[in-house]
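Engineer: Before anything else, here's the structure in question.
The values are calculated or read from the model by the stated rules, or taken from the named source; none is laboratory data. Remember, it's a predicted structure, so these values are computed and weren't measured experimentally. Note: ideal-geometry Cβ built from the backbone for every residue, glycine included; neighbour counts use all protein chains shown. Just the protein is used for accessible areas: all its heavy atoms, side chains included, with ligands, DNA and RNA removed. Shrake-Rupley method; radii C 1.70, N 1.55, O 1.52, S 1.80 Å.
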Amino acid sequence: MNVIQKYTSALGSSNLRDDAHHHSTEVLAAVALCRDLGTKLYRVKYAGDASSYPALLEAWREIVKTKAGHRTWPVDVSSAKVARLSLDHWLNDVCPACTGRAYEAVRGQPTVLSDIACRACAGTGTRSVQAQHKLLHLVEDMVEALNAMAAHAAGQTMKRMASDMNF
């Protein structure tokens, strides 16, 4: 079970006991200790915490603004707009045709998947980035940066959880 699965499972748990047989709180605590944007990313995307979205967007805007300066983006490109578009896409990137499963359903049996990759997403399970042509590559780049931040947060979470285990 990966970090995202453990995190969402713990969020949906009605019993957050932490004893020899129950470990739901470990992943919540480990994610909460992430020092970067990881905690906010996880809370908004996987916990559905809309109240954290404004703070996440503001922090992400600052990061994108810094990246824009370092990468010398064109003057007419709004870093705030790229930040909003990339964050909104990252938060809702599931392919609507296959609902993130990456394969087409068997005709007449929507819960059974075929061996044919989804045509809409080419088997990725994610929808393509929607943005103006001049912003498209910038938004895609920032979505990749968000993916990297989320992966880093997951790695840090697993590292913290592993260091807490006694072998």
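Engineer: Counting other Cβ atoms within 10 Å of each Cβ, which trypsin sites (Lys or Arg not before Pro) in the range 67-106 have at most 14 and sit in a DSSP loop?
Structural biologist: For trypsin sites (Lys or Arg not before Pro) across the range 67-106 that sit outside H, G, I, E and B with at most 14 neighbouring Cβ atoms in 10 Å, the list reads Arg71.
Engineer: Using a probe radius of 1.4 Å on heavy atoms only, what accessible surface per residue do you get for the range 79-130? Whole Å² is fine.
Structural biologist: 60
Engineer: Let's test the formula: R0 of 41 Å, r as the Cβ-Cβ distance of Val106 and Arg84. What FRET efficiency results, to the nearest 0.05?
Structural biologist: 0.60
Engineer: Identify, among Asn147, Thr72, Ser128, the residue whose Cα sits farthest towards the positive end of the charge dipole of the range 66-167, taking +1 on the Cβ of Lys and Arg and -1 on the Cβ of Asp and Glu, with the dipole about the Cα centre.
Structural biologist: Selected residue: Thr72.
Engineer: Here is a further query. For His70 and Ser51, compute 0.36 nm times the residue count separating them, minus their Cα-Cα distance, and round to one decimal in nm.
Structural biologist: Contour length minus the Cα-Cα distance gives 3.8 nm.
Engineer: Which percent of the accessible area of the range 67-167 is formed by carbon and sulfur heavy atoms (probe 1.4 angstrom)?
Structural biologist: 55
Engineer: Let me ask you something else. At R0 = 30 Å, how high is the FRET efficiency between Asn92 and Glu62 if r is their beta carbon distance? Nearest 0.05 is fine.
Structural biologist: Using R0 = 30 Å, I get an efficiency of 0.85.
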